[in-house]
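In what follows, a single structure is set out as structure tokens and then discussed.
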Amino acid sequence: MKVSEAIAQRMSVRAFQARTPPAATVRAILGAAARAPSGGNLQPWRVHALTGAPLAELLAHVAASPPQPEPEYAVYPPSLWEPYRTRRFENGEQLYSSLAIAREDKAARLRQMAKNAQFFGAPVGIFLSIDRRMGPPQWSDLGCYLQNVLLLAVEAGLATCPQEYWAFCSEPVKAFLGLRAEHTLFAGIALGYADEQAPINQMRTPRAPFDEVAQMWGFEKCLQPSDKIPRP
């Protein structure tokens with residue numbers, strides 16, 4: 001599989017089959033992802049992958065824990081401005097529309113949101129953390145590692161959903177995993193085989209037009225957006 005194909009196929013899956021990926025496959029993905037770029041080769045990521053009884057115990061521990069007063073970090077900036085506010089709003093509307101959940105049905109929306117805490121039924125839950133003393137450059141490295149995991153999963157025939165949701169219940173997760181106080185839980189990743197029939201997995205989020213987010217200066221001619229990367 002080409003990298004461009006993995007990028008095009010990757011999506012956030014929110015309904016999974018029950019079967020568990022082979023341990024060797026999960027280990028290979030997490031190991032190969034470590035080739036992510038890392039300034040000074042610090043490799044600031046810390047990774048925990050759980051399945052079976054350990055995952056069930058962790059989820060039960062989180063469910064039994066009191067609500068966390070504040071998230072681990074601000075997932076979104078306060079008072080989002082345009083065009084980001086509209087993009088986030090449209091994403092939410094698209095997601096709930098795929099499930100035929102009306103905007104005014106807050107109870108149904110909350111039930112769907114709660115599925116985050118079960119990794120959307122995925123048989124493997126992965127947690128990524130980083131020492132909070134690290135700065136934005138190391139967070140960027142962690143993001144590169146995360147993206148590698150997602151693309152390698154596609155290559156292996158697996159599906160994923162990266163979840164910043166876990167920032168809202170990070171304390172019981174960190175306590176269960178034995179993470180030190182100086183660690184920040186950045187995200188979880190649901191990993192498994194996609195339920196291809198689930199309506200929510202039919203959703204595909206759009207991306208902004210090329211000219212809205214990028215500029216090209218000094219090139220001989222204007223390149224038109226394309227799904228294919230030309231070969232030199």
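For every residue, the table says whether it meets (1) farther than 29 Å from Asp131 by Cβ; (2) in a strand (DSSP E or B); (3) of a type in the set (Gly, Ala, Ser).
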| position | (1), (2), (3) |
| --- | --- |
| Met1 | yes, no, no |
| Ile7 | yes, no, no |
| Arg19 | yes, no, no |
| Gly40 | no, no, yes |
| His48 | no, yes, no |
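The set of residues from region 149-163 being aliphatic (A, V, I, L, M), in contact with a Lys or Arg (Cβ under 7 Å, 6 or more places away or on another chain) and within 12 Å of Ala194 (Cβ to Cβ) comprises just one member, Val154. The residues in region 25-55 that are without any contact (Cβ under 8 Å) to a residue 60 or more places away in the chain and either surrounded by 12 or more Cβ atoms within 10 Å (Cβ to Cβ) or charged (D, E, K, R) (or both) can be counted, and the count is 2. Just one of (1) over 18 Å from the mean Cα position of the chain (by Cα); (2) closer than 30 Å to Ala175 by Cβ; (3) among the aliphatic types (A, V, I, L, M); (4) not in a helix (DSSP H, G or I) fails for Val62. It is (4).
Check Glu155, Glu182, Glu171 and return the single one that is touching a strand residue (DSSP E or B) at 6+ places or on another chain (Cβ under 8 Å), of a type outside the set (A, V, I, L, M) and surrounded by fewer than 21 Cβ atoms within 10 Å (Cβ to Cβ).
Exactly one residue qualifies, and that residue is Glu182.
Remark: pairs (first residue in region 61-87, without any contact (Cβ under 8 Å) to a residue 24 or more places away in the chain; second residue surrounded by fewer than 13 Cβ atoms within 10 Å (Cβ to Cβ); Cβ separation under 7 Å; 6+ apart in sequence or on different chains) = Leu80/Arg88.
Beta carbons closer than 6 Å, at least 6 apart along the sequence or on distinct chains, never pair a first residue in region 133-146 that is in contact (Cβ under 8 Å) with a residue 40 or more places away in the chain and under 13 Å from Ala187 (Cα atoms) with a second that is of a type in the set (D, E, K, R) and buried (at least 21 other Cβ atoms within 10 Å of the Cβ). The residues of region 70-110 that are of a type in the set (Val, Ile, Thr) and surrounded by 13 or more Cβ atoms within 10 Å (Cβ to Cβ) amount to a single one, Ile101. Can you find a residue in region 92-107 that is in contact with a Ser or Thr (Cβ under 8 Å, 6 or more places away or on another chain) and among the β-branched types (Val, Ile, Thr)? Scanning region 92-107, I find no residue that is in contact with a Ser or Thr (Cβ under 8 Å, 6 or more places away or on another chain) and among the β-branched types (Val, Ile, Thr), so the answer is no.
Of the set (1) in contact with a helix residue (DSSP H, G or I) (Cβ under 7 Å, 6 or more places away or on another chain); (2) not in a helix (DSSP H, G or I), all apply to Pro67 but (1).
Bear in mind these aren't lab numbers, they're just calculated from the coordinates by the rules spelled out. Everything numeric in this text was worked out from a predicted model, so none of it was measured. Here the Cβ is made from the backbone with ideal geometry for all residues, glycine too, and neighbour counts use every protein chain on show.
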